[in-house]
1. Regarding residue 56, is this residue over 21 Å from residue 142 (Cα atoms), at pLDDT 95 or above and buried (at least 20 other Cβ atoms within 10 Å of the Cβ)?
2. Within region 214-239, can you find the residues that are part of a loop (DSSP other than H, G, I, E, B), out of contact with any strand residue (DSSP E or B) (no Cβ under 8 Å at 6 or more places or on another chain) and away from the ligand (no atom under 15 Å from the Cβ)?
3. If you check 208, 203, 193, which single one turns out to be over 21 Å from residue 164 (Cα atoms), surrounded by 15 or more Cβ atoms within 10 Å (Cβ to Cβ) and over 21 Å from the mean Cα position of the chain (by Cα)?
4. Return yes or no: is residue 87 in a helix (DSSP H, G or I), touching a residue at least 60 places away in the same chain (Cβ under 8 Å), within 15 Å of the ligand (Cβ to nearest atom) and in contact with a helix residue (DSSP H, G or I) (Cβ under 8 Å, 6 or more places away or on another chain)?
5. Return the residues of region 26-53 that are surrounded by 16 or more Cβ atoms within 10 Å (Cβ to Cβ), assigned to a helix (DSSP H, G or I) and within 13 Å of the ligand (Cβ to nearest atom); say none if nothing qualifies.
6. Can you work out which of the residues in region 107-118 that are in contact with a helix residue (DSSP H, G or I) (Cβ under 7 Å, 6 or more places away or on another chain) and buried (at least 19 other Cβ atoms within 10 Å of the Cβ) is farthest from residue 152 (Cα to Cα)?
7. Is it the case that some residue within region 71-79 is within 19 Å of the chain's Cα centre (by Cα), in a helix (DSSP H, G or I) and within 12 Å of the ligand (Cβ to nearest atom)?
8. Please go through region 73-88 and give me each residue that is touching a strand residue (DSSP E or B) at 6+ places or on another chain (Cβ under 6 Å) and more than 15 Å from residue 119 (Cβ to Cβ), ordered by number.
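The values are calculated or read from the model by the stated rules, or taken from the named source; none is laboratory data. As the structure is a computational prediction, the values presented were derived from the model and not from experiment. Cβ placement follows ideal geometry from the backbone for every residue including glycine, while neighbour counts extend to all protein chains displayed.
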Ligand SMILES: NC(=O)c1ccc[n+]([C@@H]2O[C@H](COP(=O)([O-])OP(=O)(O)OC[C@H]3O[C@@H](n4cnc5c(N)ncnc54)[C@H](O)[C@@H]3O)[C@@H](O)[C@H]2O)c1
């Protein structure tokens, strides 16, 4: 098992990709603190995974609230004695109307969750990782930051927030490298999950024609990448963005 004796704090853990990451990490021996804004889905997750209480705890958390994030991470450290891995996965993709008519509040909400939330979590866990001289931070971005996303209302703040995640990843990698902490991003392409269920099933055949590997993503594809970045094998990799999209974009 590749993550034995390690504890990971996973945000958005009851969603498609977060759930797959949590399941995969548990199977590799990790203890998971699963944080999500959705209490019902967290309960459902605990039932689905069926891990014993020692390997999974859940916490209701809005990652856009810094005080709550700090409290949740401090509690996770107190409960487990350590946090080795942070998976910044919580995200929100608004349904778009014409972009010039989108509420400014919507723009702010997307940035609050997708960018501020990742910064708040990283900031809250950093001192603990510095004190322990090690840790892994994995930020979930999106292929949208490379190809510009969709031009509809929700696509513009979403793409901007996910590009911001790449800058955050690189600057945190510089700030934390001296302490043995790696910071990397994963940029998934279109992947089956609750976030994409309203449009991806109908579009996947057409979309797959433009993907060299000929299919869209599955949550386990992202979980595999997160496992690699969290593992010993990735100990000399930092500040990178791992594109997991079947070749949809090349950097
Ligand atoms: N599915 C895709 O095609 C795709 C592609 C690129 C990037 N991503 C990114 O992957 C991540 C996971 O997305 P997913 O596809 O699993 O979507 P999802 O909607 O299934 O999961 C997102 C999870 O985040 C949680 N969440 C939302 N707002 C939150 C908040 N304020 N605080 C805490 N939790 C919150 C939701 O409750 C949900 O469980 C997101 O960051 C998303 O932007 C997804």
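1. Considered against the rule, which asks whether it is over 21 Å from residue 142 (Cα atoms), at pLDDT 95 or above and buried (at least 20 other Cβ atoms within 10 Å of the Cβ), residue 56 comes out as yes.
2. Quick first cut of region 214-239, residues part of a loop (DSSP other than H, G, I, E, B) only: 214-216, 218, 231, 235-239.
Among the residues that remain, those that are also out of contact with any strand residue (DSSP E or B) (no Cβ under 8 Å at 6 or more places or on another chain) are: 214-215, 231, 236.
Within region 214-239, 214, 231, 236 qualify.
3. Just a single option satisfies the conditions, and that option is 208.
4. Spelling it out, it is not the case that residue 87 is in a helix (DSSP H, G or I), touching a residue at least 60 places away in the same chain (Cβ under 8 Å), within 15 Å of the ligand (Cβ to nearest atom) and in contact with a helix residue (DSSP H, G or I) (Cβ under 8 Å, 6 or more places away or on another chain).
5. 41, 42, 45 - these are the residues of region 26-53 that are surrounded by 16 or more Cβ atoms within 10 Å (Cβ to Cβ), assigned to a helix (DSSP H, G or I) and within 13 Å of the ligand (Cβ to nearest atom).
6. If we take residues in region 107-118 being in contact with a helix residue (DSSP H, G or I) (Cβ under 7 Å, 6 or more places away or on another chain) and buried (at least 19 other Cβ atoms within 10 Å of the Cβ), then 118 is farthest from residue 152 (Cα to Cα).
7. The initial filter retains those residues of region 71-79 that are within 19 Å of the chain's Cα centre (by Cα), namely 72-73, 76.
Keeping just the survivors that are in a helix (DSSP H, G or I) gives 72-73, 76.
In the following step, the residues that additionally are within 12 Å of the ligand (Cβ to nearest atom) were identified as 72.
Yes: one or more hits.
8. Let us first name the residues in region 73-88 that are touching a strand residue (DSSP E or B) at 6+ places or on another chain (Cβ under 6 Å), namely 76, 80, 82-88.
If the condition is that a residue be touching a strand residue (DSSP E or B) at 6+ places or on another chain (Cβ under 6 Å) and more than 15 Å from residue 119 (Cβ to Cβ), then 76, 80, 82, 83, 84, 85 are the ones that fit.
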